[in-house]
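Asker: Below are the structure tokens for one structure; questions will follow.
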Amino acid sequence: MVAAALDAMAGTRWGRWLGLVTAVWVQCISGNNYTFSNYSDALKTLMGLTQLQLNGLSVAKDVGKAFGLLAGLASDRVPTWLLLAIGSLEGLLGYGAQWMVVSRTVAPLPYWQMCVFLCLGGNSTTWMNTAVLVTCIRNFRRSRGPVSGLLKGYVGLSTAIFTDICSALFADNPASFLVMLAVVPAAVCALAMVFLREGPAGGAAGATADEAEDGRCFAAINSLAVAIALYLLAADLTGIGSGGGVVSAVFVAVLLVLLASPGAVPALLAWKSWMKARKATNADLEEAESLDAAAAPLLVAAKAAGMSEEDKARAPGERPRLGEEHTIAQALTSLDFWLMFASFLMGVGTGLAVMNNLGQMGVAMGYDDVSLFVSMTSIWGFFGRIASGTISEHFIRYVTLRSSPAPQSHAFPPAASALRLTWNRESWNSKSSEPE
């Protein structure tokens, strides 16, 4: 019964937005793969590693992300909650084992075992990212660009969020930081397993009438993300978050309020939906029936027109267009896929190499605490991620408008035009029969 109620909620507009907000919270904690520099020096010291061996651990962490293909293949076959459960369990095991080593709860593990646990920790984020990204894009099919930019932007912020909270509460203690990486994602994923669900395809497509309000909701959540980034940036530059005591506690409390603030969007939509349903209940039933009867031909005609356009866009044997969903086989035979693959292969590796060795670079330059550099890199990466979704959506809409056919002379479907013509003819006949 509870599962049926949650599935019904996912079919509502505010339920889809609640799923998006919980996805944002998951992304806020799923960037732990970029935090290796915060505790790499502790691993190097406790295990007596050379710099080359430490680089091998970072490579094992990144190899875990290469197995993200498994999460992509499973996304079409298993529900969202199972993807989140797998990711949270892998993170709990991977980062939990590293915490036991850094906190000296157990003796340092053999090098190959540490590589396995780092690989598990790196692979855990791919299951979380795949679960939230695939589900939210399917729930907001007409807003793929803003959704992907928003979710990937919060991933960029997650490193700064973890780093600044650890600096404020635990004075950059590597063991406490690893506890956060193991426990917090598991707790947030447990919440997302309840509310992040894929709604019916018709519900996502039928929300076009509320597209303008959806745009305002996206703008509100993006503005909150920018506010969080600026807040973290100001805290890093001034150092108020790492002073300890009451000031640090206030900093963390304000940060948590900002992170929870996107929940106001689905709450507002749910309140509007409840008010609309209440007004509809109090309305005159006869008037509602007459309005429904008059609008039925128009709705049927519009639905038929929409179905014909969708069927026309998805004709049998026709390859999906850029921006539409592709199967694995269709993607592997697409030139666009290999262009993106080559871009990631040649461009992303340099950034990962810098992030993995940022701790050692800071120590070599004489800095005892490198968390500031990790946080700043995360914040500026956020601005690039969120801008990419907005800019790509702008050009996609621009190209779509340029390539769309010219509109027809009438603004209504053929059935609506026929009804309009019939009404005009009847009104003309009634006027002609009136005495002068």
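The values are calculated or read from the model by the stated rules, or taken from the named source; none is laboratory data. These numbers come from a predicted model, not from an experiment. Here the Cβ positions follow ideal geometry from the backbone for every residue, glycine too, while neighbour counts run over all protein chains shown. Surface areas here come from the heavy atoms of the whole protein model, side chains and all, with no ligands, DNA or RNA. Shrake-Rupley method; radii C 1.70, N 1.55, O 1.52, S 1.80 Å.
Asker: So how many residues does the range 1-32 have that are surrounded by fewer than 24 Cβ atoms within 10 Å (Cβ to Cβ) and in a loop (DSSP other than H, G, I, E, B)?
Answerer: Matching residues across the range 1-32 total 4.
Asker: Just one of the numbered conditions (1) at pLDDT 80 or above; (2) more than 30 Å from Ser158 (Cα to Cα); (3) of a type in the set (A, V, I, L, M, F, W, C) is not true of Leu285; which one?
Answerer: (1)
Asker: Could you please find all residues in the range 317-368 being assigned to a helix (DSSP H, G or I), at pLDDT below 75 and of a type in the set (Ser, Thr, Tyr)?
Answerer: Thr350
Asker: Something else now. State whether one or more residues within the range 161-173 are hydrophobic (A, V, I, L, M, F, W, C), open to solvent by less than 10 Å² (accessible area, probe 1.4 Å) and at pLDDT 90 or above.
Answerer: No, the conditions are met nowhere in the range 161-173.
Asker: Something else about it: Please find, within the range 72-108, the residue that is most open to solvent (accessible area, probe 1.4 Å) out of those that are of a type in the set (A, V, I, L, M) and in contact (Cβ under 8 Å) with a residue 60 or more places away in the chain. Even if it seems obvious, please write down each step before you answer.
Answerer: First, pick out the residues of the range 72-108 that are of a type in the set (A, V, I, L, M): 73-74, 78, 82-86, 89, 92-93, 97, 100-102, 106-107.
This time we only want the ones that are in contact (Cβ under 8 Å) with a residue 60 or more places away in the chain, so: 73, 84-85, 89, 92, 102.
Numbers: Leu73: 68, Leu84: 0, Ala85: 28, Leu89: 99, Leu92: 79, Val102: 18 Å².
The qualifying residue most open to solvent (accessible area, probe 1.4 Å) is Leu89.
Asker: Restricting to the range 139-159, name every residue that is within 25 Å of Lys44 (Cα to Cα) and modelled with pLDDT under 85.
Answerer: Thr159
Asker: Kindly indicate the residue of the range 222-254 that is aliphatic (A, V, I, L, M) and crowded, with 20+ Cβ neighbours inside 10 Å and also farthest from Val265 (Cα to Cα) among those meeting that condition.
Answerer: So the residue we want is Ala235.
Asker: With the structure loaded, tell me whether Leu69 is more than 16 Å from Tyr34 (Cα to Cα) and at pLDDT below 85 or whether it fails that test.
Answerer: Yes, satisfied.
Asker: Right, next: Mind checking which residues of the range 56-71 are open to solvent by 50 Å² or more (accessible area, probe 1.4 Å) and not β-branched (Val, Ile, Thr)?
Answerer: Of everything in the range 56-71, those that are open to solvent by 50 Å² or more (accessible area, probe 1.4 Å) and not β-branched (Val, Ile, Thr) turn out to be Lys65, Ala66, Phe67, Leu69, Leu70.
Asker: Hey, any hits in the range 33-56 for a residue that's part of a loop (DSSP other than H, G, I, E, B) and closer than 25 Å to Ile165 by Cβ?
Answerer: Looking for residues that are part of a loop (DSSP other than H, G, I, E, B) and closer than 25 Å to Ile165 by Cβ, one finds at least one in the range 33-56, hence yes.
Asker: Any chance the range 33-44 includes a residue that's open to solvent by 10 Å² or more (accessible area, probe 1.4 Å), at negative phi and touching an Asp or Glu at 6+ places or on another chain (Cβ under 7 Å)?
Answerer: If we filter the range 33-44 for residues that are open to solvent by 10 Å² or more (accessible area, probe 1.4 Å), which is where we start, we get 34, 38, 41-42, 44.
After this cut, where a residue has to be at negative phi as well, the list is 34, 38, 41-42, 44.
Now drop any that are not touching an Asp or Glu at 6+ places or on another chain (Cβ under 7 Å), which leaves none.
Within the range 33-44, none of the residues are open to solvent by 10 Å² or more (accessible area, probe 1.4 Å), at negative phi and touching an Asp or Glu at 6+ places or on another chain (Cβ under 7 Å).
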